[in-house]
Structure formats: structure tokens, C-alpha cells
Amino acid sequence: MAVITSLSNGQLPLPSVEDIPKRITVKRARRLDKPSHRAKKGTASPEKSSNGVSYTTLRRGPALENNELSSDPITLYLNDVSQISLLSKKREVFLAKQIEAGELAVKKLGQDGLSATEILDCEERVAQGNKARAELIEANYRLVISITKRYMSQGVSFLDLVQEGNLGLIKAVDKFDYRRGYKFSTYATWWIRQAVTRALADQGRTIRIPVHMCERIHKLNKTTQKLTLELGRDPTTEEIAVAMDSNVEGIAHLQKIAQHPLSLDMPVGEEQESNLGDFIEDEANLSLPDVAAQTLLRERMDRVLTSLTAREGRILRLRFGLYDGRHYTLEEVGQKFGVTRERVRQIEATALRKLRHPRRSRALKDFLV
């Protein structure tokens, strides 16, 4: 494993998460290339393909052989991670102490007046700290996978979730305090879960949902699946509310938020020649007869309103939204005319009474329902 020697901000440098699968695969390839490994118990033997290219066939059972020959990145990654040994609590403490010593050495190297011996000693401790840090991270990749599997099929690919979980694992290594006495996995679980749920909130949906709401939606989905298996049918909102110790209104609101938006360009039908948007009516798009009727009604209204005084016609247009679709209040109309709201009400009542006269109402009777 390469030792990282670049230093910044008084801390040990972060390993590249993108290199994690590569580093594991390279380590395993080196083990396979060792003569002792190839010869041991006849587990692997070099062979040649029909085109003369050499390769190694593993003799460790059908399952592992299929994994070795598979090109699926998930299968390869899971198989590589499974080769890494878990750590005992004693080993975790030992590695944490080495990481701490390396961090102290980084700070000491920033001081002036160090002798050559002190510099070499600090550099050695930094290298040991880097190596211990990498070992502690790699030994807990399986913990990341076990947590990530609970959040699959929620809008983010499995490998992307693992990547985010590995970032949370790295943060846990940076903040772990072995003096508190608990196991590293207990401490790291929270950081890994936080990184995964935050990734789901940021990347899992077209419309972003807060992290705490994503947690509640995840709990809602698990509860719904559990009740479906127990009842043999889809549970009602009331049953879900009882199981989650919540109220019906809150569960209904949560179910509405949990819905995923659909694209209007999504193909539908067996031949998929049509889009979803072709079957959704645009209520704002009126038919030609409706457009003609509205145009004629507006012309008749303008003709009737011009028979009133200018102020009466303008007040009615403002009050009933005939200008811009907005219905102005008595107070707003009064401010425009410099009169009280009571005076506006009186003028409006007088104008409406005039419109009820048969000579004027006859022009609009064809539009009354």
C-alpha cells in the first residue's frame, strides 16, 4: 500500500475514495501473483486461452470462480472487500494510537529548529499513521456495505451510496476517540448513515427533500412493506399511522411527499409510441368554441359598461377582475379614486342596479346559465 506523505492543515491527508476499489484489486492481484500463493494447496493454476493470453483460474469453488471472472463492478467490489480481515477491538485501539501519534508528528514537523534525527523520527511516525489510517478504513468497508444495503432502490445507485458511505467512514476515522472505550464500528455507524441519508436527500429525487424527511419516508416505506406482508393487502393510512405512532394527517402528508414525479415525455403503451403528456388535458388551453364565446362575452361586457359613467365602469372592472384578472378590494379601489371604501361600495351598488335594467341585461342573457 502506498504511503501518503503530503500534509495539509496539520492533519493526516485523506485517501482518495475513487481509488478504493483499485487499491483493493491491486493488493489482491499482487497476492495472486506470488508463487507461494499460486502453489499453495493448488488453489490456482496458470493456463492459457485459445489466443495464447495467459490468465489465472481460481480453484476455490464455483461461486468464487464466477466472481473472479465477472466483469460486474458491484460483484468485483463485494468480492474484493470480503477478502479484508476484520479488526479486533485491541487492534483498533492500536491503530487509533498510531494515527494520533502521526497527527502529533505532523504538527511537530511544522515547528522550527528540529534536528535531522527528530525530523526522521517524525516522518516515520507520519508514515506509520498513514498506514494505520488506511488499514482502519479498509477493514470497515464491509460495515459501509451492510449499512448501505438498507437504502437501496431509493434513487441513487448502490455504488454511489457506497462511495458516500466511505466518505462518512473516513470522517469517523478522523473523529474517533479510542479513550472513550467503545468499538470503532459503533461510532462509525452514525457517520456512515448520515453520509448515506444526506446523499439520498441531495441526489435521490428530482425535488430535494430535507434529510429528516427522507428518514421519515424511509421508515414509512419499511412500515408499509411490513404491514403488507402481515395483512396480505395494502395497509390503510389509519393502520400505518397506528404502526408509526403518528396521526392520519401526518401520514397522508408524508405519503404525498414520498411520491416521485413522472416525466410528461415518459413513453406509455406496449409499443411506446405515445408519451404520458399526450393523455393529460391542459385545462388552461381552451377549445375554439370556448375562446370564441369568451371573446364575444368580453365585447358585450365592454359595450354594456360603456353605457355607465366612466367611474362606475372602471370600478366594476377593478372589482370583478376585468382588467388583469385580479379582484381589487373596496379599500384598494378607494385608494385609486381617493374616496372611502363605503363610497366605493355605494357606487358599485348603483352600477350593478343599472346593469339589472332589461335594456342592459338583455345583451348578456345569452351568456347566463
Sequence-distant residues sharing a close amide H with Ile209 (under 5 Å, placed H)
none
Under 14 Å between alpha carbons, and skipping anything fewer than 8 positions from Lys354 in its own chain: which aspartates and glutamates qualify?
Glu312
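Per 0.36 nm of contour for each residue apart, how much would the distance between Val248 and Arg150 grow if the chain were fully extended, relative to their Cα-Cα spacing? Could the numbers behind the result be given before it?
Details: separation 98, 0.36 × 98 = 35.28 nm, distance 2.61 nm.
Full-extension gain reported as 32.7 nm.
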Spin-label model distance (nm) - Lys183 vs Glu215, 7 Å beyond Cα toward Cβ
2.3 nm
By the scheme Lys and Arg +1, Asp and Glu -1, what is the net charge of all other residues having a beta-carbon under 12 Å from that of Ile209?
+3
Apply the Karplus parameterisation 6.51 cos²θ - 1.76 cosθ + 1.60, with θ equal to phi minus 60°, to every residue of the stretch 173-189 and state each ³J(HN,Hα) to the nearest whole Hz, in sequence, with x for glycine and proline.
4, 5, 9, 5, 10, 5, 5, 6, x, 8, 5, 5, 4, 4, 6, 6, 4
Can you work out the PRE-style zone for Thr237? Point 7 Å along Cα to Cβ, and I want the residues of the stretch 256-283 with backbone N under 20 Å.
256-261
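Cut-off is 10 Å between beta-carbons; in what order do His327, His218 appear when sorted fewest neighbours first? It would help to have the intermediate numbers written out before the result.
Numbers: His327 10, His218 16.
Taking fewest neighbouring Cβ atoms as first place, the list is His327, His218.
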Each label sits 7 Å from Cα toward the beta-carbon; between Ser82 and Leu104 the label points are separated, in nm, by 4.2 nm
Could you state the number of Å between the C-alpha centres of the stretch 319-369 and the stretch 167-244?
58 Å
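Exceeding 25 Å between C-alpha atoms, which entries from my cross-link table qualify? They are Lys183/Lys222; Lys97/Lys171; Lys183/Lys219; Lys171/Lys226.
On the way: Lys183/Lys222 28 Å; Lys97/Lys171 17 Å; Lys183/Lys219 27 Å; Lys171/Lys226 33 Å.
Violating the 25 Å Cα-Cα cut-off are Lys183/Lys222; Lys183/Lys219; Lys171/Lys226.
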At Thr350 and Arg142, where each label point lies 7 Å from the Cα along Cα→Cβ, what is the point-to-point distance in nanometres?
9.1 nm
Label point 7 Å out from Thr206 along Cα-to-Cβ: which residues of the stretch 129-170 have amide N under 15 Å?
155
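Any read-out appearing in this document is the output of simple, stated calculations on the displayed coordinates, not a laboratory observation. Quick caveat, the model's predicted, so the values are computed rather than measured. Backbone-built Cβ (ideal geometry, glycine too); neighbour counts: all protein chains shown.
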